[in-house]
Amino acid sequence: MTTRITIEFLVPPDPFLDDDMRNPPLGVLYLAAVVRQEGYPVKITDLRSRKPEEFSNLIGESDVYGVTSTSPEYPMALEIARIAKTKNPGGCVVLGGIHATSVPNSIDPVFDRVVVGEGEESFLRLLKDREAGRPGSRFYRSAPIHDLNALPYPARDMLPFDSIFSRNAFSVGG
């Protein structure tokens with residue numbers, strides 16, 4: 001039996017939000033569910049509400065790192081990618097999310113691969129290329145998913161309760 005490559009999704013903090021824990025990282029939770037369903041060892045490291053000096057102690061050693069990013073989070077995503085490269089210099093660091101989709105050709109080369117658009121099928125294709133030793137391409141794209149019922153439920157169980165449920169989301173001023 002061959003050992004599968006390991007995947008770690010990294011959720012960057014958003015320093016521009018008053019409470020960056022307010023919304024769960026649903027895109028990453030869906031990707032983790034799809035990757036897990038395919039039998040890959042996967043974990044999610046939630047760096048929201050963490051200080052940059054804590055990142056190095058929280059990011060593990062994985063074969064593939066998936067980083068999500070909006071445009072305001074992109075500088076933080078760059079820092080996270082650089083740390084991931086020090087954890088595993090031979091690892092593959094992938095950027096996905098709305099920033100990668102909006103401006104794919106201006107993504108820093110610290111990211112080995114860029115997932116443009118919906119990532120469920122693209123990311124699996126990327127993993128299969130990596131596992132087979134195929135070089136793949138820098139950009140991975142897939143057609144939009146029309147049957148959302150075909151996706152597994154988001155992997156909420158892979159994060160602690162405080163990462164998927166914000167008490168601040170349901171109250172104002174106490």
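Quick check on this structure: which one of 54, 38, 8, 61 is out of contact with any strand residue (DSSP E or B) (no Cβ under 8 Å at 6 or more places or on another chain) and within 19 Å of residue 112 (Cα to Cα)?
Exactly one of 54, 38, 8, 61 is out of contact with any strand residue (DSSP E or B) (no Cβ under 8 Å at 6 or more places or on another chain) and within 19 Å of residue 112 (Cα to Cα), namely 61.
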Problem set entry | Positions within the stretch 91-134 being within 23 Å of residue 13 (Cβ to Cβ) and among the β-branched types (Val, Ile, Thr), in sequence order | 93, 94, 98, 101, 103, 107, 110, 114, 115
For this session: Return the pairs, sorted by first residue and then second, in which the second residue is open to solvent by 30 Å² or more (accessible area, probe 1.4 Å) and small (Gly, Ala, Ser), the first residue lies in the stretch 71-86 and is over 12 Å from residue 99 (Cα atoms) and part of a helix (DSSP H, G or I), the beta carbons are less than 6 Å apart, and the residues are 6+ apart or on different chains.
Result: 83/56
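If you take the residues in the stretch 1-49 that are hydrophobic (A, V, I, L, M, F, W, C) and open to solvent by 50 Å² or more (accessible area, probe 1.4 Å), which one is farthest from the chain's Cα centre (by Cα)?
Looking at the filtered set, the residue picked out is 1.
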Problem set entry | Which listed residue, of 62, 69, is buried (at least 16 other Cβ atoms within 10 Å of the Cβ), hydroxyl-bearing (Ser, Thr, Tyr) and over 18 Å from residue 158 (Cβ atoms) | 69
Exercise. Looking at the stretch 50-59, which of the residues that are touching a residue at least 24 places away in the same chain (Cβ under 8 Å) and under 16 Å from residue 8 (Cβ atoms) is most open to solvent (accessible area, probe 1.4 Å)?
Worked result: 50
For this session: Quickly run through the stretch 99-124 and pick out the residues that are surrounded by fewer than 15 Cβ atoms within 10 Å (Cβ to Cβ), in a helix (DSSP H, G or I) and in contact (Cβ under 8 Å) with a residue 12 or more places away in the chain.
Result: 102
Exercise. Only one residue in 53, 61, 8 is touching a helix residue (DSSP H, G or I) at 6+ places or on another chain (Cβ under 6 Å) and among the charged types (D, E, K, R), so which one is that?
Worked result: 61
Exercise. Residues in the stretch 128-139: is at least one under 24 Å from residue 38 (Cβ atoms), in a strand (DSSP E or B) and over 13 Å from the mean Cα position of the chain (by Cα)?
Worked result: yes
Problem set entry | Unmet criterion (only one of (1) more than 24 Å from residue 133 (Cα to Cα); (2) of a type in the set (Asp, Glu); (3) modelled with pLDDT of 95 or more) for residue 38 | (1)
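The values are calculated or read from the model by the stated rules, or taken from the named source; none is laboratory data. What you are looking at is a predicted structure, and each value in this text was computed from that prediction instead of being measured. Positions of Cβ are generated from backbone atoms using ideal geometry, with glycine treated the same way; all protein chains shown enter the neighbour counts. Calculation scope for accessible area: heavy atoms of the full protein, side chains included, ligands and nucleic acids excluded. Shrake-Rupley method; radii C 1.70, N 1.55, O 1.52, S 1.80 Å.
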